[in-house]
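Asks: Input: one structure, supplied below.
The values are calculated or read from the model by the stated rules, or taken from the named source; none is laboratory data. This structure is a prediction, so every number in the text was calculated from the model and none was measured. Methodologically, a virtual Cβ is constructed for each residue, glycine included, from the backbone with ideal geometry; neighbour enumeration extends over all protein chains shown.
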Amino acid sequence: MERRSYERVGFHCRVAVAVRPGAVPIEARSMDLSLGGAGIATAAPLEVGQTVVLTFILRDGRQQEVRDQVQGRVVNLKADLDCNRVGVEFLEPLHESKHPALVGKLLAL
């Protein structure tokens, strides 16, 4: 049985996935989030073990777009008919000093 280090909560926003620096980002949606990782849904073919950069596209209190980038590694993948459900473990846990917008949204849930 898998044991998580951090509790995941439902978290829905647009996400851009970059599979290498300079690559065209791939569209995705977040499904859940924790301080240690995220679940995303995308049509893109990703592979377990692949390093990715997730850019979470959020809205601040004034409804302005805020982007927060996090590096991670694909740790699981479930292919469905219409999308891939991907589990991404962050290379280092989220911390408010580096990711204030994302941690703020997470703590507000």
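Asks: Does segment 3-30 hold any residues that are among the basic types (Lys, Arg) and either in contact with a strand residue (DSSP E or B) (Cβ under 6 Å, 6 or more places away or on another chain) or over 15 Å from Val70 (Cα atoms) (or both), and which are they?
Replies: Listed by number, the residues that qualify are Arg3, Arg4, Arg8, Arg14, Arg29.
Asks: Restricting to segment 14-26, name every residue that is over 15 Å from Val74 (Cβ atoms) and at pLDDT 95 or above.
Replies: Correct list: Arg14, Ala16.
Asks: Something else: Can you list the strands (runs of 3 or more DSSP E) lying wholly within segment 12-69 that have 2 or more residues being in contact with a Pro (Cβ under 7 Å, 6 or more places away or on another chain)?
Replies: Here the list reads 14-18.
Asks: Looking at this structure, is Ala44 surrounded by fewer than 17 Cβ atoms within 10 Å (Cβ to Cβ), under 22 Å from Leu81 (Cα atoms) and touching a residue at least 24 places away in the same chain (Cβ under 8 Å)? First the steps, then the outcome.
Replies: Values: surrounded by fewer than 17 Cβ atoms within 10 Å (Cβ to Cβ): yes; under 22 Å from Leu81 (Cα atoms): yes; touching a residue at least 24 places away in the same chain (Cβ under 8 Å): yes.
In short, yes.
Asks: Out of (1) aliphatic (A, V, I, L, M); (2) under 9 Å from the mean Cα position of the chain (by Cα); (3) more than 24 Å from Ser5 (Cα to Cα), what's the single condition that is false for Leu54?
Replies: For Leu54, the exception is condition (3).
Results for (1) polar (S, T, N, Q); (2) touching a helix residue (DSSP H, G or I) at 6+ places or on another chain (Cβ under 9 Å); (3) under 19 Å from Leu107 (Cα atoms), shown as yes or no for each residue.
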| position | (1), (2), (3) |
| --- | --- |
| Gly10 | no, no, yes |
| Ala18 | no, no, no |
| Ala23 | no, no, no |
| Thr51 | yes, no, no |
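Asks: Looking only at residues in segment 92-109 that are surrounded by 13 or more Cβ atoms within 10 Å (Cβ to Cβ) and hydrophobic (A, V, I, L, M, F, W, C), which one is nearest to Asp60 (Cα to Cα)?
Replies: Selected residue: Ala101.
Asks: Something else about it: Starting from residues that are in a strand (DSSP E or B) and among the charged types (D, E, K, R), keep the ones in segment 70-83 and report whichever is surrounded by the most Cβ atoms within 10 Å (Cβ to Cβ).
Replies: Result: Arg73.
Asks: Return the pairs, sorted by first residue and then second, in which the second residue is among the hydroxyl-bearing types (Ser, Thr, Tyr) and in a strand (DSSP E or B), the first residue lies in segment 75-98 and is more than 18 Å from Thr55 (Cα to Cα), the beta carbons are less than 8 Å apart, and the residues are 6+ apart or on different chains.
Replies: Cys83/Thr42
Asks: Taking segment 60-98 only, how many residues are among the small types (Gly, Ala, Ser) and within 14 Å of the chain's Cα centre (by Cα)?
Replies: Within segment 60-98, the first condition is being among the small types (Gly, Ala, Ser), and the residues that meet it are 61, 72, 79, 87, 97.
Okay, now just the ones that are also within 14 Å of the chain's Cα centre (by Cα), so 72, 87.
Counting residues in segment 60-98 that are among the small types (Gly, Ala, Ser) and within 14 Å of the chain's Cα centre (by Cα) gives 2.
Asks: Let me ask you something else. Filter segment 59-80 down to residues that are touching a Leu at 6+ places or on another chain (Cβ under 7 Å) and hydrophobic (A, V, I, L, M, F, W, C), then give me how many there are.
Replies: Selection size over segment 59-80: 4.
Asks: Another question, then. Among the residues of segment 72-109, what is the count of those that are among the polar types (S, T, N, Q) and farther than 15 Å from Met31 by Cα?
Replies: Looking only at that region, the number is 1.
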